[in-house]
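Working notes, beginning with the structure itself.
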Amino acid sequence: MINAEELKACCAAAYGNDAVAMVLGESYHPGGLQLSRRLAERTGLRSGHRVVDVASGRGSSARMLAADYDVTVDGVELGEDALRTARDETERAGLRAKVRFHAGDAESLPLPGATFDVVMCECALCTFPDKPSAATEFARVLRPGGRVGISDVTVSGGELGDELATLGAWVACLADARSPEGYREILAQAGLAVVHTERHDDAIRRMVEQIDARIRLLRMTSFGQLHRAGVDVDAVLRSCALAREAVSDGVIGYALLVAEKPG
Ligand SMILES: C[S@@+](CC[C@H](N)C(=O)[O-])C[C@H]1O[C@@H](n2cnc3c(N)ncnc32)[C@H](O)[C@@H]1O
């Protein structure tokens, strides 16, 4: 039985793999940077705000927020490879003064309390083994009246089949995903009142289609690279087919939630 620390390390290592970048592209969540902008706007993000991007991955959202909204961003990320890429890309983009990245765990953020206007966490709460601790950390670092914006995979109204619940790192996003109500409850228990919820199930449908199409293309053009990166193409295609079915059945979806810390 894999323990929580192993699970986190495994997830971080998987998302640091370059093959994931080949398949997912710049942004590692359904809806891409367009949905990140929508989430930022729903949190009321304004020029001068201080933002935390929890599980910032390769930093594409953090850089977009700093460049488009004139905010400063502290990204926190567990994966060493993702952190290295995030820092390099940020240096190249000339955004070092506005964006910095910290090695750290969402369940114990290496940041001061009551300091930030907005916390964002995209497609990552679903992967944290201790979601209540992460939500408590979101609340701790926010100033009173600050807002947290989450976008995440949802699983509701049915069980995932065994194969979908156990397939590799990409599917790890599904294994402990909750319903929108489940996320709302976790945030509420941390003292964060949900003020806005939106469904974006189409975004995850498109992401599954994109993964399927890119894997098929890469199988023809870069099979050796996929093989060296440890990607089992047939397994990924099988999980895409199962995921597509689960999205059509309304079991898997994607949601955006905004919650507020009392003023
Ligand atoms: C699906 S990716 C999303 C990355 C980024 N938020 C984005 O949307 O592009 C999930 C990210 O969460 C990170 N992660 C997983 N568990 C974590 C934890 N406990 N603390 C910090 N980061 C974590 C992974 O390393 C990975 O970069």
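The values are calculated or read from the model by the stated rules, or taken from the named source; none is laboratory data. Computed from a predicted structure; not experimentally measured. Note: ideal-geometry Cβ built from the backbone for every residue, glycine included; neighbour counts use all protein chains shown. The protein model used for the area step is the full one, side chains on, heavy atoms only, and it has no ligands, DNA or RNA in it. Shrake-Rupley method; radii C 1.70, N 1.55, O 1.52, S 1.80 Å.
Some notes on this structure:
- Residue-averaged [θ]222 nm for the chain, counting only DSSP H segments that reach four residues, each worth -39500 (n - 2.57): -15000 deg cm²/dmol
- Theoretical gain in end-to-end length, Arg244 to Ala4 [0.36 nm per residue, Cα-Cα removed]: 83.6 nm
- Calculated FRET efficiency for the pair Gln34/Asp234, C-beta based, R₀ 35 Å, to 0.05: 0.65
- Å² per residue, accessible surface of the range 113-225 at 1.4 Å: 43
- Once Rg and the Kirkwood radius are both taken over the C-alpha atoms of the chain, their ratio Rg/Rh works out to 0.95.
- A protection proxy built from the mean count of other Cβ atoms within 10 Å ranks the segments 61-71, 218-228, most packed first, as 61-71, 218-228.
- DSSP-defined beta bridges in the chain - what % are antiparallel, rounded to 5: 45
- Between helix 180-189 and the chain: long-axis angle, C-alpha atoms, 0 to 90°, nearest 10: 40
- The spacing between the range 59-97 and the range 242-261, judged by their C-alpha centroids, is 27 Å.
- With a Förster radius of 41 Å applied to the C-beta separation of Arg216 and Glu181, the computed FRET efficiency comes to 0.70.
- Protection proxy ranking of 135-148, 20-33, 183-196 - average other beta-carbon atoms within 10 Å, highest first: 135-148, 20-33, 183-196
- With a Förster radius of 22 Å applied to the beta-carbon distance between Asp18 and His102, the computed FRET efficiency rounds to 0.45.
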